[in-house]
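S.K.: Sharing a structure with you now.
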Amino acid sequence: MKREYQDAGGSSAAAGDMGKDKFMSAPAAEEEEVDELLAALGYKVRSSDMADVAQKLEQLEMAMGMGGVGPGAAQDDGFTAHLATDTVHYNPTDLSSWVESMLSELNAPPPPLPQTPSLASTVTGGGGGFFDIPPPSVDSSSSTYALRPIPSPAVPQPDDSARDPKRMRTGGGSTSSSSSSSSSLGGGGGGTRCSVVEAAPPAAATAEANAPALPVVVVDTQEAGIRLVHALLACAEAVQQENFSAAEALVKQIPLLAASQGGAMRKVAAYFGEALARRVFRFRPQPDSSLLDAAFADLLHAHFYESCPYLKFAHFTANQAILEAFAGCRRVHVVDFGIKQGMQWPALLQALALRPGGPPSFRLTGVGPPQPDETDALQQVGWKLAQFAHTIRVDFQYRGLVAATLADLEPFMLQPEGEEDPNEEPEVIAVNSVFEMHRLLAQPGALEKVLGTVRAVRPRIVTVVEQEANHNSGSFLDRFSESLHYYSTMFDSLEGAGQGPSEISSGTAAVGTDQVMSEVYLGRQICNVVACEGEERTERHETLGQWRNRLGHAGFETVHLGSNAYKQASTLLALFAGGDGYKVEEKEGCLTLGWHTRPLIATSAWRLAAP
């Protein structure tokens, strides 16, 4: 701010003369009453005014410190900025009058929004236009402030060529109307004027102001996420209505919206977008028909086992139910409807080996699909398990059954070979199915035939592990919405699980690989649920309640899983990374594993109902 006193002539000459007379008539004794300490600092304050100045300074400090407090914080901040930028105060050496002038500005009504012509920022020129004056930039090398007007978008820019290069307005009767009030305050013969100095913008600033504004795109990820979900659901609805032109337009927006997201949401949207695109453009995924496809499917299954506890939970709870059913038996037989790499059975063999009284004779029948190259992969699995059983001294027998579908099995295939010795203890049978039963729902009558076969061999226990979701609804939109919710939670759990047990043997890079491959494993399921129909849609998951109805009608009843299984499963999850997010719950004798509040898989045990 300028510290020298400036007097503006023109129409305010009378007011200026009055102030000048007061200065001329001030007695010389006033100079002697000025406080010496403040005078040394360049401020003229009479000793008699010290108390009044201190009180005004306190009021000024309180007034300028109100920004950021209370509901009017934004308004106070704007007004303080207005005082700091749009007002020039003269002669601050007269501290008393200067403080009073500041208080008068603070007590003035706050300026309105910049879209409307305001008293502090509007100049009416010859063209009748308006200027919104921003906070000025200060040039320390110049004695004036460079105020750069910005034309309002609502009113055209007036012609400044006729305006004076520089004008100063005071509170007198100037011919040009001024928005800023000028106050003349007399305090013991001293006077201070508060004026607004307005300068015409330089040519460069005018050109910059008149240049077209560039659009600024601000992406709100939360809003984009909502739009992404709406686009997915709208596309699914268009597919259900067979409005493929609308579905095609929507499916093209999904990758763009998904790109703005991060983490699990982006990945889930990408897989669902791909599945919708396959359905819209009728490019259905082909079943695994080559050796490479089958090997890749086994690889994905192994990575899914390592990266998250779902398969471990399924194997552990099923083994616990089978172990309790085999208590006291000397000859046991397990039929596994989906043996894959046989990862479930070493733990059961070891538990049987440690049983008091010694291990029983253990026979395992593994069922698997035929291999594209006609190799006997099931026998390779059996050979590895036989080696493990030999090391822990368990009498082990193995037989592999190749079947394209479980409906091809017959009861005699599951019976012991040859005739049983009547003097020997009869063989106790357990049937195990982990994520296999739901595939039978794609073929009419297949589930009923398989359950009839199981009933014919009279097992002591049947363990079933299935996804806790309804992906077999007749309505495509309902099926899509349920699967979107389910797999979003599943991907969230993969993100939250962090580093799994693979870190111990393979390092951090292997953990990242496990997660990526697990996402591909789940992505193939998403593609089957959304893009396929008929017998090709094999991922027909149903809820625990639906399975209870199906198995109950087939002549089975629930076997309650004991509290021991619940406690041990909870302990297992506590040792797993991200265990805080996983939740084990007991539901009507069954155990479920979920992520936070959403159950994702369910283990149940069954036996033949009493006739």
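S.K.: Per 0.36 nm of contour for each residue apart, how much would the distance between Asn423 and Ser47 grow if the chain were fully extended, relative to their Cα-Cα spacing? Present the calculation step by step, with values, prior to reporting the outcome.
M.R.: Values: separation 376, 0.36 × 376 = 135.36 nm, distance 12.34 nm.
Using 0.36 nm per residue and subtracting the Cα-Cα distance, I get 123.0 nm.
S.K.: Right, next: For labels at Phe283 and Ile392 in the simple 7 Å Cα→Cβ model, what's the distance in nm?
M.R.: A separation of 4.8 nm, rounded to one decimal place.
S.K.: For segment 308-353, with all protein chains present and a 1.4 Å probe, just round the carbon and sulfur fraction of the accessible area to a whole percent. The partial results should precede the final answer.
M.R.: On the way: 660 of 1150 Å².
Answer for segment 308-353 is 58 percent, counting heavy atoms of protein chains only.
S.K.: Could you tell me which GluC sites (Glu not before Pro) in segment 507-602 are loop residues by DSSP with no more than 14 other beta carbons within 10 angstrom of their beta carbon?
M.R.: Values: sites: Glu519, Glu533, Glu535, Glu536, Glu539, Glu542, Glu557, Glu585, Glu586, Glu588; in loops: Glu533, Glu539, Glu542, Glu588.
Those that pass, being in a loop and sparsely packed, are Glu533, Glu588.
S.K.: For the pair Glu535 and Ala234, what calculated FRET efficiency results from E = 1/(1 + (r/R0)^6), where r is the Cβ-Cβ distance and R0 = 25 Å, to the nearest 0.05?
M.R.: On the way: r = 29 Å, r/R0 = 1.15.
Once the sixth-power term is evaluated, E becomes 0.30.
S.K.: Further question on the same structure: Given R₀ = 22 Å, what would the calculated FRET efficiency be for Trp383 paired with Ala403, taking r from the Cβ atoms and rounding to 0.05?
M.R.: Numbers: r = 20 Å, r/R0 = 0.91.
That gives a FRET efficiency of 0.65.
S.K.: Once phi is turned into θ = phi - 60°, what whole-Hz ³J(HN,Hα) does the Karplus curve with 6.51, -1.76 and 1.60 give for every residue of segment 515-526, x standing for Gly and Pro?
M.R.: These are the phi-based 3J(HN,Hα) values: 5, 5, 5, 5, 5, 5, 4, 6, x, 5, 5, 4 Hz.
S.K.: Also, I was wondering about something else. State which entries of Lys312/Lys340; Lys312/Lys587; Lys267/Lys587; Lys312/Lys583; Lys449/Lys587; Lys567/Lys587 exceed 25 angstrom in Cα-Cα distance in the structure shown. Don't skip to the end; give the middle numbers.
M.R.: On the way: Lys312/Lys340 14 Å; Lys312/Lys587 19 Å; Lys267/Lys587 31 Å; Lys312/Lys583 14 Å; Lys449/Lys587 28 Å; Lys567/Lys587 14 Å.
Checking Cα-Cα distances, Lys267/Lys587; Lys449/Lys587 exceed 25 Å.
S.K.: Evaluate E = 1/(1 + (r/R0)^6) for Lys567 and Ala259, where r is the Cβ-Cβ distance and R0 equals 41 Å; express this FRET efficiency to the nearest 0.05. Intermediate values should be presented prior to the final figure.
M.R.: Numbers: r = 45 Å, r/R0 = 1.10.
It comes to 0.35.
S.K.: Moving on. For Met343 and Thr558 in the same chain, what is the full-extension length gain: residue separation times 0.36 nm, less their Cα-Cα distance, in nm?
M.R.: 74.8 nm
S.K.: Loop only per DSSP, at most 15 neighbouring Cβ atoms within 10 Å: give me the trypsin sites (Lys or Arg not before Pro) in segment 220-313, ordered by residue number. Display every interim value, and only then the final one.
M.R.: Details: sites: Arg227, Lys252, Arg266, Lys267, Arg278, Arg279, Arg282, Lys312; in loops: Arg282.
Qualifying residues, ordered by number: Arg282.
S.K.: Ignoring ligands, DNA and RNA, please state the percent of accessible area on segment 364-496 from carbon and sulfur, probe 1.4 Å. Working shown, then result.
M.R.: Numbers: 3040 of 6220 Å².
Answer for segment 364-496 is 49 percent, counting heavy atoms of protein chains only.
S.K.: For segment 524-611, which whole-number percentage of the solvent-accessible area (1.4 Å probe, protein heavy atoms only) is attributable to carbon and sulfur atoms?
M.R.: Here carbon and sulfur together make up 51 percent of the probe-accessible area.
S.K.: Provide Rg over Rh for segment 564-611; use the alpha carbon set for both Rg and the Kirkwood Rh (inverse mean inverse pair distance).
M.R.: Numbers: Rg = 12.7 Å, Rh = 11.7 Å.
When Rh is taken as the Kirkwood radius, the ratio is 1.09.
S.K.: Can you pull out the trypsin sites (Lys or Arg not before Pro) in segment 355-393 that DSSP calls coil and that have at most 14 other Cβ atoms within 10 Å? Intermediate results must be reported in sequence, preceding the final value.
M.R.: On the way: sites: Arg363, Lys384, Arg393; in loops: Arg393.
Listed in order of number, the matching sites are Arg393.
S.K.: A further question on this structure: Pull out the extension gain between Phe412 and Leu477, defined as 0.36 nm times the separation in residues minus the alpha carbon to alpha carbon distance; nm, one decimal.
M.R.: Full-extension gain reported as 19.1 nm.
The values are calculated or read from the model by the stated rules, or taken from the named source; none is laboratory data. Source: prediction; values computed, not measured. Every residue, glycine as well, gets a Cβ built from its backbone with ideal geometry; the counts of neighbours run over all protein chains shown. All accessible areas refer to the heavy atoms of the entire protein, side chains included, with ligands and DNA or RNA removed. Shrake-Rupley method; radii C 1.70, N 1.55, O 1.52, S 1.80 Å.
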